[in-house]
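To start, the structure under review is shown below, and the notes come after it.
The values are calculated or read from the model by the stated rules, or taken from the named source; none is laboratory data. In this text the structure is predicted, and so the values were computed from the model without any measurement. Cβ placement follows ideal geometry from the backbone for every residue including glycine, while neighbour counts extend to all protein chains displayed.
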Amino acid sequence: MRPSIERGGRKAAPTSTASRRQYRRSIVVLAAGTCLAGSLPESAIAQPAAPPDAPAQQQSPTPGPTSENQGFMGGLMERDNLLGDMGGLRPFLAEHGVSLGLQETSEVFGNATGGVNQGVAYDGLTLMSLGVDTEKAFGWKGGTFNVSALQIHGRSLTADNLLTLQAASGIEATRSTRLWELWYQQAFSDGRFDVKIGQQSVDQEFTLSSYSSLFINAAMGWSVLPAVNLYAGGPAYPLASLGVRFRARPMEGLTILAGVFNDNPPGGPFDDDSQVRGAAQSGTKFNMRTGALFIAEVQYAINQPVEGGTDKANPPTGLPGTYKLGAWFDTASFPDQRFDADHVSLADPLSSGDPLMRRNNYAIYGVVDQTVWRPSADSPPSVGVFARMMGAPGDRNLVDFAVNAGIVLKAPLPGRDNDSFGVGFGIANISGNARRFDKDTAFQTGVPFPERGAETFIEVTYQYQAAPWLTLQPDFQYFFTPAGGIPNPNEPTRRVSNEAVFGLRTNIVF
């Protein structure tokens, strides 16, 4: 799921992202270990999945008269927020255009099989936000100000046990308390065009699938391809970068998004891109000294309900869907996966060890969200499918192709209109140059060495809405050939074995 103030982004666990930087250097060491052994190891959080036809819902600022008449416990399970109207504070602030948000996501995951170790890990995320409607606040029409902060705690099962490229959870990140987003948005022409400027997390608006937001694996949010290949995983949760984003709605159903952002939030070199590097730990470094990330996306929505509710006179006759086509381009230089600066294999003992730096990086992608069944336009039960594919050049990227897809059943059981059940999968394909590097390693060391292929996972999840402010989500994931089949650092002669992962996520909206 995508951490988001309004929705349920994500990226691969940072520690596993960092480990991929060291893989090229450590691979020969592992091969040497093999010789010695022969002689002697993925927009807020936990929201119900929103189908393409679901209109945006605004939370009521008050819990209703029941709460007011019966105290804090009155209407506890019916209110939108655990704390209700906070003694009248929420409606007072709302009258002045100010909204407060506070969410806590907690989860426990463990791998029963496979990985480099078996065990259980807890991790959690507190998301705090402040929004200001400038028209209500001081009469400036069309303006919105937003600031948010993260408190990330616990540890990463992916980094400690799994070593997968597609992290088991989208909220796994290095422990820190940090500023996340800080931006101002201005709308023009009755909302048909708007501009957002400031520190932004790109995964909150680009490459999104509404149906995939149900799932917990990181690759169902921010794709594993940019998460693994860009500096620090790109300006996506838990990071953000300074930039400007443009959005236009030239005609009904058509939306155009485009933006340019700093490509490297921490500002370090490719092999030292820790999320907590130096001043980046607080999220206030505002790096502007590295490359630029350009991204653009065209969205086309069909059979959508009229804004503000279904048009009873002319309701949509077909099933709703959304189709997106996009691309990104990074101006920085990226290390070749096989050759050094002298075009000698990095596995060769005579190699300098300094990879050939290739100018620029890019990818294209497509996203589909489509409802395939529902009894009627206003019925809670529905079935939707989603798919996203992204491709990039194989010489400078560890992952050159990624796909994730799945099916989501809304209201799967009688009386459970706000629950969702989903089955999905993701594939991260190791690039040709990275595979050839593995072959070079086997040739140079003279011992069998695994050639990486593709990492695949499947996920089965059920999101149970116990109250408007509380969701519980049991989850199961199974990983095939983790990281494409890397050697197990504990047993260099064997690959990291397949992993069965079980977990539970809870989300509380205060």
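Got at least one residue in segment 430-441 being under 17 Å from N217 (Cα atoms), in contact with a strand residue (DSSP E or B) (Cβ under 8 Å, 6 or more places away or on another chain) and crowded, with 23+ Cβ neighbours inside 10 Å?
No, there is no match, as no residue in segment 430-441 is under 17 Å from N217 (Cα atoms), in contact with a strand residue (DSSP E or B) (Cβ under 8 Å, 6 or more places away or on another chain) and crowded, with 23+ Cβ neighbours inside 10 Å.
Kindly list, by first and then second residue, each pair from a residue in segment 281-304 that is under 23 Å from L182 (Cβ atoms) to a residue that is in a loop (DSSP other than H, G, I, E, B) and among the hydroxyl-bearing types (S, T, Y), limited to pairs with Cβ atoms under 9 Å and residues at least 6 apart or on different chains.
Pairs that qualify, where the first residue is under 23 Å from L182 (Cβ atoms) and the partner is in a loop (DSSP other than H, G, I, E, B) and among the hydroxyl-bearing types (S, T, Y), are Q281/T174; Q281/S274; I295/T207; E297/T207.
Kindly establish whether D419 is more than 24 Å from A301 (Cα to Cα), of a type in the set (D, E) and in contact with a Pro (Cβ under 7 Å, 6 or more places away or on another chain).
yes
Suppose the filter is assigned to a strand (DSSP E or B), closer than 28 Å to M128 by Cα and of a type in the set (S, T, Y); does Y478 pass it?
Against the criterion (assigned to a strand (DSSP E or B), closer than 28 Å to M128 by Cα and of a type in the set (S, T, Y)), Y478 does not qualify.
Restricting to segment 422-449, give me the number of residues that are among the hydroxyl-bearing types (S, T, Y) and assigned to a loop (DSSP other than H, G, I, E, B).
Counting residues in segment 422-449 that are among the hydroxyl-bearing types (S, T, Y) and assigned to a loop (DSSP other than H, G, I, E, B) gives 1.
Specify the residue that is surrounded by the fewest Cβ atoms within 10 Å (Cβ to Cβ); the eligible residues are those in segment 84-105 that are touching a helix residue (DSSP H, G or I) at 6+ places or on another chain (Cβ under 8 Å) and more than 20 Å from N146 (Cα to Cα).
The residue in question is D85.
So for segment 393-405 (the condition being surrounded by fewer than 16 Cβ atoms within 10 Å (Cβ to Cβ), of a type outside the set (S, T, N, Q) and out of contact with any Lys or Arg (no Cβ under 6 Å at 6 or more places or on another chain)), does at least one residue qualify?
Within segment 393-405, not a single residue is surrounded by fewer than 16 Cβ atoms within 10 Å (Cβ to Cβ), of a type outside the set (S, T, N, Q) and out of contact with any Lys or Arg (no Cβ under 6 Å at 6 or more places or on another chain).
Going by what's in this entry, would E181 be described as part of a strand (DSSP E or B) and acidic (D, E)?
Yes.
Does N507 meet the test of being in a loop (DSSP other than H, G, I, E, B) and under 30 Å from S99 (Cβ atoms)?
no
Condition (residue is part of a helix (DSSP H, G or I), more than 26 Å from E107 (Cβ to Cβ) and more than 25 Å from the chain's Cα centre (by Cα)) applied to segment 450-463: is it met by at least one residue?
No, there is no match, as no residue in segment 450-463 is part of a helix (DSSP H, G or I), more than 26 Å from E107 (Cβ to Cβ) and more than 25 Å from the chain's Cα centre (by Cα).
Name the single residue that is nearest to the chain's Cα centre (by Cα) among those in segment 349-364 being surrounded by fewer than 18 Cβ atoms within 10 Å (Cβ to Cβ) and small (G, A, S).
The qualifying residue nearest to the chain's Cα centre (by Cα) is G353.
What about G432, is it small (G, A, S), within 30 Å of M357 (Cα to Cα), more than 25 Å from the chain's Cα centre (by Cα) and modelled with pLDDT of 95 or more?
yes
Name the single residue that is farthest from F476 (Cα to Cα) among those in segment 102-138 being part of a strand (DSSP E or B) and among the acidic types (D, E).
D133
Out of segment 365-385, which residues are among the hydrophobic types (A, V, I, L, M, F, W, C) and surrounded by fewer than 22 Cβ atoms within 10 Å (Cβ to Cβ)?
Scanning segment 365-385 gives V368, V372, W373, A377, V383, V385.
So N111 passes all but one of these: (1) exposed (fewer than 15 other Cβ atoms within 10 Å of the Cβ); (2) within 27 Å of A500 (Cβ to Cβ). Which condition number does it fail?
(1)
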